[in-house]
Structure formats: structure tokens, C-alpha cells
1. Given contacts defined as C-alpha pairs under 8 Å and at least six residues apart, what's the relative contact order of the stretch 81-130, whole-number percent?
2. Select from 15, 75, 129 the residue farthest towards the positive end of the dipole of the chain; place +1 on Cβ of Lys and Arg, -1 on Cβ of Asp and Glu, and compute about the Cα centre.
3. Any idea what the dipole of the chain comes to, in debye rounded to 20, about its Cα centre with Lys/Arg Cβ at +1 and Asp/Glu Cβ at -1?
4. For the ranges 33-39, 45-51, what's the packing order if you count other beta-carbon atoms within 10 Å of each residue, average per peptide, and put the highest first?
5. Give me the net charge of residue 42's neighbourhood, meaning all other residues with Cβ under 10 Å from the Cβ of residue 42; Lys, Arg count +1, Asp, Glu -1.
6. Please list, in order along the stretch 39-53, the HN-Hα scalar couplings obtained from phi with the Karplus expression 6.51 cos²θ - 1.76 cosθ + 1.60 (θ = phi - 60°), rounded to whole Hz, x for Gly and Pro.
7. Suppose every Lys and Arg Cβ carries +1 and every Asp and Glu Cβ carries -1, with no other charges. What dipole size does the stretch 20-62 come out with about its Cα centre, to the nearest 20 debye?
Amino acid sequence: MFLTVTLASAAAAALLNVWLMIRIGAVRRANNIHVGDGGNELLERRMRAQANFIENTPIVLVLIAAIELAELGSWWLPIVAAIYIAGRIAHALGMDGGRWATGRMIGTIVSMVTALWLAGVATGAVLAAA
């Protein structure tokens, strides 16, 4: 079975992670900070945005793969995956504060709802198979 949704989601996540790294690198270069955050709030915010992405994305990708392997995703799984990625972009932009600050809350809610939804589908599949 070819896991199209999983593969596309993992590719999008990898690209998003590189974008997060580039954003961190830009602040590091501009402020000549080589290790840590140097007390720079923007750098700290961007580092946390990437760390939060890394904390949440692996389990979402595992759930997407498991649901796709179980052939339960049909039409809605790629939509949920795309919404998750969009939510992570909103979260990263929101972590900068300023006019995009609401994106942090939106991204957090999208991430939590996505994880809960996928976990619910996986749990339902396990209970139905038992």
C-alpha cells in the first residue's frame, strides 16, 4: 500500500521544519548569537515555535500513517493533514507576537483538535476490531 497522505504530510512537515530553522538562523545572524538564545526574546520565541512543532508533529504523522494503513482515512484524512500543517504555520507566525499573535492560539487549538480527532479515530478502529 502506498501511503500518499502520510508521504505528503511528512514532506510538508519537513519543509515546514526547514522554514522554522531558517527563521531561527535569520535572528541568530542578525544578532550574532551562535549558541542558546542570548537573551533575545524573538530568538527564544522562534526556537520554542520549532520545538513545539517537533514535540507535536511526530505523533500526528504516526496517527496519519496508522489510519491510512487501516484504510480509514478516505476523503477526510488529507484535509485534516493539510489543516494541521496550516495550523502549525499559524502557530509559528503567532509565536513572533505582534499582529500575528492570534496565530499562536489558532495553531495550538488546531494542533490539539487534530491530535484528539486522529486519536479518536484510531481508538474507535481498535475498539471496532476487538
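Just so you know, all these numbers are worked out from the coordinates, no wet-lab data involved. The structure displayed is predicted, hence computed values, not measured ones. Please note: Cβ atoms are built from the backbone with ideal geometry, for glycine as well, and neighbour counts cover all protein chains shown.
1. So the answer I get is 30 percent.
2. Selected residue: 15.
3. With only Lys, Arg, Asp and Glu charged at Cβ, the dipole is about 440 debye.
4. The packing order, highest mean first, is 45-51, 33-39.
5. Combined, the nearby Lys, Arg, Asp and Glu give -1.
6. Using θ = phi - 60°, the values come out as x, 8, 5, 5, 5, 4, 5, 5, 5, 5, 4, 5, 4, 5, 4 Hz.
7. With Lys and Arg at +1 and Asp and Glu at -1, about 160 debye.
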